[in-house]
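Data first, discussion second: the structure below is written as structure tokens.
The values are calculated or read from the model by the stated rules, or taken from the named source; none is laboratory data. On a predicted model such as this, the values are computed, not experimentally measured, just so you know. Reconstructed Cβ throughout: ideal geometry from the backbone, glycine too, with neighbour counts over all protein chains shown. All accessible areas refer to the heavy atoms of the entire protein, side chains included, with ligands and DNA or RNA removed. Shrake-Rupley method; radii C 1.70, N 1.55, O 1.52, S 1.80 Å.
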Amino acid sequence: KISPSQFATFIDYPFNWYRTQVLKEVQFTHNTSSVIGTIVHYCAEMVATKQPVDMAAIEEYIDSWEVNETYDPNDVRAHWQEMAERLVNDYVLDREFLLLEEFAYAEVKDGYFIGGKLDAGEGTKEDLLITDYKTYSSKTKPKAIPAYYRYQLLTLAALWTRKGYNVTRIRLVYVNRHIEGDISEKTGKQLKSYPSEVTVLTETLVPADMEFINSLLELCVDSCEATIKHPELTHVIWHDMRLQVTQ
């Protein structure tokens, strides 16, 4: 299975993709940002489907993760609710969704599949806009869909095209973490704060976009197949000399 959320790693760092997705070596589990992101996604889904948000379940989820140098449950508690409210009030409540949190599989070729979940689909089956929610923590407001997320959205577009939808646009809906202004060392005054807000970035797809992502998906399959047929070349195929030792 090829995961849309991980496919950018195949493009940018093929050795990491192979080691985590195929060899199943140690993978990322969680940090403060990922836990906040999951909770915000959950709240958006519950509101969009007119279901109650289970606050007790959220608390249980926060406590289920081990505290470490990258995960602070108190930081999660300090930020998730404002971010979820911003996303819900400024985006979700104004929308009519065709698809919500839909999981799908579709074959690329030779028994290899794309499999992943769609945050939201808007429009119609003949004119589908794929929407993905992302959280971030920065004073700089994003102005374009970053390449990493664009690859993810294009992979989702390839998946839903295979399911019979005409995907015409991709959209990233950002919601940022509140950043309180520091105290200036020179003046002693508080610097500008950055409240949570929603930023919507949309891109229209052209045929070349789908040709591009489909060619990379086929390359991924061919690379996996070449590894099976020629294990002695694994380190060459995946650009990692460490893999020569493991064979």
Quiz item: Using beta carbons and a limit of 9 Å, which pairs, at least six apart or on different chains, have the first residue in the stretch 219-236 and farther than 19 Å from residue 114 by Cβ and of a type in the set (Asp, Glu) and the second one in a helix (DSSP H, G or I) and open to solvent by 70 Å² or more (accessible area, probe 1.4 Å)?
Solution: 232/244
Exercise. Tally the residues that are of a type outside the set (Gly, Ala, Ser), within 21 Å of residue 104 (Cβ to Cβ) and assigned to a loop (DSSP other than H, G, I, E, B), restricting the search to the stretch 1-17.
Key: 1
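Go over the candidates 140, 161 one by one and state the one that is open to solvent by 50 Å² or more (accessible area, probe 1.4 Å), in a loop (DSSP other than H, G, I, E, B) and among the β-branched types (Val, Ile, Thr). Reasoning before the result, please.
Details: 161 fails: in a loop (DSSP other than H, G, I, E, B).
Exactly one of 140, 161 is open to solvent by 50 Å² or more (accessible area, probe 1.4 Å), in a loop (DSSP other than H, G, I, E, B) and among the β-branched types (Val, Ile, Thr), namely 140.
So which residues in the stretch 32-45 are within 23 Å of residue 74 (Cα to Cα) and either over 16 Å from the mean Cα position of the chain (by Cα) or not aromatic (Phe, Trp, Tyr) (or both), if there are any at all?
Hits for the stretch 32-45 are 32, 33, 34, 35, 36, 37, 38, 39, 40, 41, 43, 44.
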Quiz item: Can you tell me which residue in the stretch 75-103 is least open to solvent (accessible area, probe 1.4 Å), limited to those that are farther than 25 Å from residue 121 by Cβ and touching a residue at least 60 places away in the same chain (Cβ under 8 Å)?
Solution: 79
Self-check item: Answer from 20, 29 - the residue that is within 21 Å of the chain's Cα centre (by Cα), at pLDDT below 95, hydroxyl-bearing (Ser, Thr, Tyr) and in a helix (DSSP H, G or I)
Solution: 20
Quiz prompt | Given (1) part of a strand (DSSP E or B); (2) surrounded by fewer than 16 Cβ atoms within 10 Å (Cβ to Cβ), number of the condition residue 123 does not satisfy | solution = (2)
Quiz item: Any residue at all in the stretch 164-172 that is part of a loop (DSSP other than H, G, I, E, B), farther than 28 Å from residue 193 by Cβ and touching a strand residue (DSSP E or B) at 6+ places or on another chain (Cβ under 9 Å)?
Solution: yes
